[in-house]
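A.B. asks: Sharing a structure with you now.
What follows is calculated from the coordinates using simple rules that are stated; it is not laboratory data. No experiment lies behind these values; they were computed from the predicted model shown. We place every Cβ from the backbone using ideal geometry, glycine too, and count neighbours over all the protein chains shown.
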Amino acid sequence: MLRNKSLGGLKTTSLFVVLALASFGPGAAQAQATPDTSKMPWMNKALAPDERANLVLGQMTLDEKIQMVHGTGWGVLRKGAPISARSNFGAGFMAGIDRLNIPDINLADSAVGIRMAAYQSRYSTLLPSTLGAAASWNPDSAFLYGSVIGRELRAQGFNMSIGGGVNITREPRNGRNFEYAGEDPVLAGTMTGYLMNGVKSQHVMSDIKHYALNDQETGRTVVNVLLDKKAMRESDLLAFEIAIGISDPSGVMCSYNLVEGDWACENDYLLNQVLKKDFKFKGWVLSDWSATHSTVKAALNGLDQEMPGDDNYFGPPLKKAIESGQVPMARLDDMVHRILRSMFAAGVVDDPPVRTVVDPFRGLEEAQHIAEESIVLLKNDHVLPLKASQSSSIALIGGHADVGVLSGGGSAQVDAPGGNAIDPRSGGSVWGKPVYFPSSPLKFIHQKTPQANIQYIDGQDKAAAARLAKSSSLAIVFVTQWMSEGHDSPTLSLPDDQDALVEAIASANPNTIVVLENGGPVSMLWAQHVKGIIEMWYPGIGGAQALSNILFGDVNPSGKLPVTFARSDADLPHPIVPGLDPVSKTTLEDHQDKVRPFDLRYTEGARVGYKWFDAMNKQPLFPFGFGLSYTNYAYSNLTVDDTQRTVHFTVRNTGSSEGTEIAQVYVALPAAAKEDYKRMVAWQRVKLAPGESKAVTLKLDPLYLSVFDTDKNAWQLLSGDYKVMAGASSRETPLQATLHIQP
Ligand code: BGC
């Protein structure tokens, strides 16, 4: 499936496809005359979205209803697939109902910016990876992130975003971690919720994905994930619950994998019982692309829309099932109602997209701002910030730091302006090939220190790179880990012998700084041998500007890790990526034809990331929540209010520069919970001038303190003593107090 999805083919065939635009699907056949909306009571904006949806539903024929519950096929994604004349060339298209003034739904993949903009000579801002943005722990930045996506989608004629990835980092080698928001359900759910609110602020429908437990790419279309309900609800599903609670998204995309024996897109427990009943989700469930496996079962078990549509379970077969009574009409009405009410609620009927030229300058500025909050300073042995006057000669090594910054691949790939900075050609990005964006570290570091002698070397020849490092006063090594949908990293180690490159540079020059551009956590055998380590994820189009501002102290780093960095694969719950062939190091996705289904039991349960390291008493390389600054902070005076369930403490900036500290609160539940780990339950970004102190008050959300009782199918707040810990990271909590909760 993935191979066929490659957009590479479009490079040679796009002209043909555009010229051969087929009139396809029911929508294309309809006249596009402007309907008389005065006779349409559902166009009354004063009515509630549900009421408006019901009014439309009452007018719809069976065929029109069926039309709305599936897309029209692979379209631009698959070479040779028909494309509706009305499609806006996104990953998905659903034809609207003209006579009722219900617009088409044009969906574009937009996890970190809009995919396939090059296809129509458009521009789209590449934002930092969402994992990076999660490192800001800043809901306002997440909102800004979503609003950039929504604004640019709108400008390009799309009315629905496909993004909002919130699968927690259960598998740190997952190829899509960069599209998600880290390992903690509270942080990930919160950030993703605000991101979707940002999308919706632009009157564009939002989506959250991939529901659920699609935590690795290896074997994603065949793996049967096994995890008990309590653990599910307290980990992966909690992230969705929080995000949905914050944002009420338009769509939830169900995932490719099976969960406890049933495909996620026809899984009664996940879709009907949890999502629609317990989470009270009001929008619609759309399948991941070709993740629908049946008609009747999927319809009854909660799927509302088949995407992209060419498998046609929800086309004529669903019509037949309705006519024969296998699927009640009420269920079809529910599917359509969910879609219509989401369209009214998001504003896409009243305020449809208006095409405009995307503002690349505003996008760049906002992407850079988010990147500056995303970058995490992992190590600083008195080497940073650099002083322009002292940096006489700088060796920049590897990572194509002369021309650009790396981006993540797959359906999250954004096309680079001017083409791939390391291989510019006409056309869009090619599936499977790393794309660099033209934000050159060399250029922006040079701007900060114009008098310095800065030389770049690609690092292929380690000895030559070490010679350059030796003859320079400072060496900055850029290491990269390209990740993409469709495969996982076989190990936590950096690819292409880059560990050896760093070692070689570190032995040649004691003043070595490593800059990481990676999709998720990596191991760093060389961490002790270098003076500085900067984590910049995939930093987006403003990445090099943000990096140079951090390097030279114009911006004080404030990001903190949303994921644990393990020392080695051996410390992970699954030392080898489940399903990965450890010999050939190829993933099952690479051999789709030969893959046989397999079970994956998540024996670690809800102990994901730092919870696993706590429970196993293992020392991570860099813990969850960790990040340094150019100043220091002191924590004091922790008190708790049992009645209000609030936590109070003071943070003081004890250094000499202004900074923002991300103060975190963790809680260990009473013994009755039988949890051998703590939970992150609250945080606050605190901006402090040198010497300044601020009192922090945080209210604890009872949901984050509760355990899931599967017998009662309900969250339960246990009475007892809760150990409250506050501090700078999951492994640095100098303040402790006890919160008493009574029934
Ligand atoms: C991915 C989705 C994506 C869809 C459409 C699937 O392969 O898993 O995340 O939105 O394709 O491109």
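A.B. asks: Sticking to Cα atoms, compute the Rg of the stretch 360-551 to one decimal and its Dmax as the biggest Cα-Cα distance, whole number, in Å.
C.D. replies: Cα-based Rg and Dmax for the stretch 360-551 come out at 15.8, 46 Å.
A.B. asks: Then there's this: Antiparallel versus total DSSP beta bridges in the chain: what percent is that, nearest 5? Write down the numbers at each step before the final one.
C.D. replies: Details: 55 of 95 bridges.
Looking only at bridges with both residues in the chain, the antiparallel portion is about 60 percent.
A.B. asks: For the stretch 442-558, what is Rg from Cα atoms divided by 2.2 N^0.38 Å, rounded to two decimals?
C.D. replies: Details: Rg = 14.4 Å, N = 117, 2.2 N^0.38 = 13.4 Å.
Compared with the compact-globule rule of thumb, the stretch 442-558 sits at 1.07.
A.B. asks: How long are the three semi-axes of the equivalent ellipsoid of the stretch 129-282, in whole Å, if each is the root of 5 times an eigenvalue of the C-alpha gyration tensor, listed from largest down? Walk me through the numbers before you get to the answer.
C.D. replies: Values: eigenvalues 117, 53, 41 Å².
One finds semi-axes of 24, 16, 14 Å for the stretch 129-282.
A.B. asks: What's the magnitude of the charge dipole for the chain around its Cα centre, counting Lys and Arg as +1 and Asp and Glu as -1 at the beta-carbon? Answer in Debye, nearest 20. Before the final figure, lay out each step's value.
C.D. replies: Working: 67 positive and 78 negative charges, 130 e Å.
With Lys and Arg at +1 and Asp and Glu at -1, about 620 debye.
A.B. asks: A further question on this structure: How many percent of DSSP beta bridges within the stretch 360-551 run antiparallel, rounded to 5? Display every interim value, and only then the final one.
C.D. replies: Numbers: 7 of 27 bridges.
Just about 25 percent of them are antiparallel.
A.B. asks: Please report the relative contact order for the stretch 631-741, taking Cα pairs under 8 Å with a sequence separation of at least 6, and give it as a percent rounded to a whole number. The partial results should precede the final answer.
C.D. replies: Numbers: 261 pairs, mean separation 33.1, N = 111.
Result for the stretch 631-741 is 30 percent.
A.B. asks: If you wrap a convex hull around the C-alpha atoms of the stretch 89-133 and split its volume per residue, what is the figure in Å³?
C.D. replies: Numbers: hull volume 4.2 nm³, N = 45.
Enclosed volume per residue, from the Cα hull, is 93 Å³.
A.B. asks: Where Lys and Arg each count +1 and Asp and Glu each count -1, what net charge lies around Gly625 among other residues with Cβ under 14 Å from its Cβ? Display every interim value, and only then the final one.
C.D. replies: Values: positive: Lys560, Lys611, Lys678, Arg679, Arg685, Arg731; negative: Glu183, Asp184, Glu535, Asp614, Glu661, Glu732.
Once positives and negatives cancel, what remains is 0.
A.B. asks: Do the sum for the chain: with -39,500 (n - 2.57) for every DSSP H run of n ≥ 4, divided by all residues, what is the mean residue ellipticity at 222 nm, to the nearest 500 deg cm²/dmol? Can you show the working numbers first?
C.D. replies: Working: 20 runs with 184 residues, N = 743.
Estimated from H runs of four or more residues: -7000 deg cm²/dmol.
A.B. asks: Further, regarding this structure: Can you give me the P(r) profile for the stretch 62-187? Cα pairs, bins 10 angstrom wide beginning at 0, each as a whole percent.
C.D. replies: The calculated distribution, bin by bin, is 12, 36, 31, 18, 3.
A.B. asks: If you build the Cα gyration tensor of the stretch 204-327 and take the root of 5 times each eigenvalue, what three semi-axes come out, in whole angstrom, biggest first? Intermediate results must be reported in sequence, preceding the final value.
C.D. replies: Values: eigenvalues 102, 55, 37 Å².
Result for the stretch 204-327: semi-axes of 23, 17, 14 Å.
A.B. asks: When the chain is fully extended, how far beyond the present Cα-Cα distance does Ala673 get from Asn632, taking 0.36 nm per residue of separation?
C.D. replies: Values: separation 41, 0.36 × 41 = 14.76 nm, distance 3.55 nm.
Roughly 11.2 nm would be gained on extension.
A.B. asks: Below 8 Å between Cα atoms, with a sequence gap of 6+, how large is the relative contact order for the stretch 360-551 in percent?
C.D. replies: Details: 404 pairs, mean separation 63.7, N = 192.
Relative contact order for the stretch 360-551 comes out at 33 percent.
A.B. asks: Would you mind getting me the FRET efficiency between Asn272 and Gln455? Use the beta-carbon distance for r and R0 = 56 Å, nearest 0.05.
C.D. replies: Values: r = 62 Å, r/R0 = 1.10.
Efficiency, rounded to the nearest 0.05: 0.35.
A.B. asks: Applying 1/(1 + (r/R0)^6) with R0 = 45 Å to the Cβ-Cβ distance of Thr738 and Ala464, what FRET efficiency is obtained, to the nearest 0.05? Walk me through the numbers on the way to the answer.
C.D. replies: Numbers: r = 59 Å, r/R0 = 1.32.
Efficiency computed from Cβ-Cβ geometry: 0.15.
A.B. asks: Using 7 Å Cα-to-Cβ label points, what is the Val357/Arg331 separation (nm, one decimal)?
C.D. replies: 5.1
A.B. asks: In debye to the nearest 20, how big a dipole does the stretch 631-741 give about its Cα centre with +1 on each Lys and Arg Cβ and -1 on each Asp and Glu Cβ?
C.D. replies: On the way: 12 positive and 12 negative charges, 34 e Å.
For the stretch 631-741, the charge dipole is close to 160 debye.
A.B. asks: Just from the alpha-carbon atoms, what are the Rg and Dmax of the chain in angstroms?
C.D. replies: My reading of the Cα-based Rg and Dmax gives 25.6, 80 Å.
A.B. asks: Over the Cα atoms of the stretch 296-361, each weighted equally, I'd like the Debye log10 I(q)/I(0) at q = 0.19, 0.26 Å⁻¹, rounded to two decimals.
C.D. replies: -0.79, -1.11
A.B. asks: When you count, for each residue, the other Cβ atoms within 10 Å and take the mean per peptide, how do 531-539, 450-458 rank with the highest first?
C.D. replies: Numbers: 531-539: 26.6, 450-458: 15.9.
Packing order, densest peptide first, comes out as 531-539, 450-458.
A.B. asks: Could you let me know the centre-to-centre spacing of the stretch 420-464 and the stretch 260-318, using Cα atoms, in angstrom?
C.D. replies: 44
A.B. asks: Label-point separation (nm) for Lys45 and Arg425, each offset 7 Å from Cα along Cα-to-Cβ?
C.D. replies: Once both label points are built, they end up 4.8 nm from each other.
A.B. asks: Using per-residue counts of other Cβ atoms within 10 Å, averaged over each peptide, order 680-689, 540-549, 135-144 from highest down. It would help to have the intermediate numbers written out before the result.
C.D. replies: Working: 680-689: 18.5, 540-549: 27.4, 135-144: 23.4.
Packing proxy ranking, top to bottom: 540-549, 135-144, 680-689.
A.B. asks: Right, next: Using Cα-Cα distances under 8 Å and only pairs 6 or more residues apart, what relative contact order does the chain have, in percent?
C.D. replies: Working: 1895 pairs, mean separation 101.9, N = 743.
Relative CO of the chain lands at 14 percent.
A.B. asks: If each of Gln59 and Thr34 carries a label point 7 Å out from its Cα toward its Cβ, how far apart are those two points in nm?
C.D. replies: Taking the two extended label points, one gets 1.6 nm.
A.B. asks: How long are the semi-axes of the equivalent ellipsoid of the stretch 631-741, taking √(5λ) for every eigenvalue λ of the Cα gyration tensor, in whole Å from largest down?
C.D. replies: On the way: eigenvalues 178, 30, 25 Å².
One finds semi-axes of 30, 12, 11 Å for the stretch 631-741.
A.B. asks: Could you give the length gained on full extension between Glu323 and Gln447, defined as 0.36 nm per residue of separation minus the Cα-Cα distance, in nm? Let's see the in-between values first.
C.D. replies: Details: separation 124, 0.36 × 124 = 44.64 nm, distance 6.92 nm.
Separation in residues times 0.36 nm, less the Cα-Cα distance, equals 37.7 nm.
A.B. asks: Please sort 181-187, 597-603, 285-291, 270-276 by packing, taking for each peptide the average over its residues of neighbouring beta carbons within 10 angstrom, highest first.
C.D. replies: Highest-to-lowest ranking by the protection proxy: 181-187, 285-291, 270-276, 597-603.
A.B. asks: Most exposed first by the Cβ proxy, i.e. fewest other Cβ within 10 Å, how do Phe552, Phe158, Phe281 rank? If you can, show how the numbers build up before the last one.
C.D. replies: On the way: Phe552 19, Phe158 27, Phe281 24.
Sorted ascending by nearby Cβ count, the order is Phe552, Phe281, Phe158.
A.B. asks: Still on this structure, please answer the following. How high is the FRET efficiency from Thr697 to Thr654, r the C-beta distance, R0 22 Å, rounded to 0.05?
C.D. replies: On the way: r = 21 Å, r/R0 = 0.96.
That gives a FRET efficiency of 0.55.
A.B. asks: Let me ask something additional. Could you sort out which of Lys39/Lys319; Lys39/Lys200; Lys280/Lys699; Lys45/Lys65 sit more than 26 Å apart by Cα distance in this structure?
C.D. replies: Values: Lys39/Lys319 29 Å; Lys39/Lys200 28 Å; Lys280/Lys699 24 Å; Lys45/Lys65 23 Å.
Check vs 26 Å cut-off fails for Lys39/Lys319; Lys39/Lys200.
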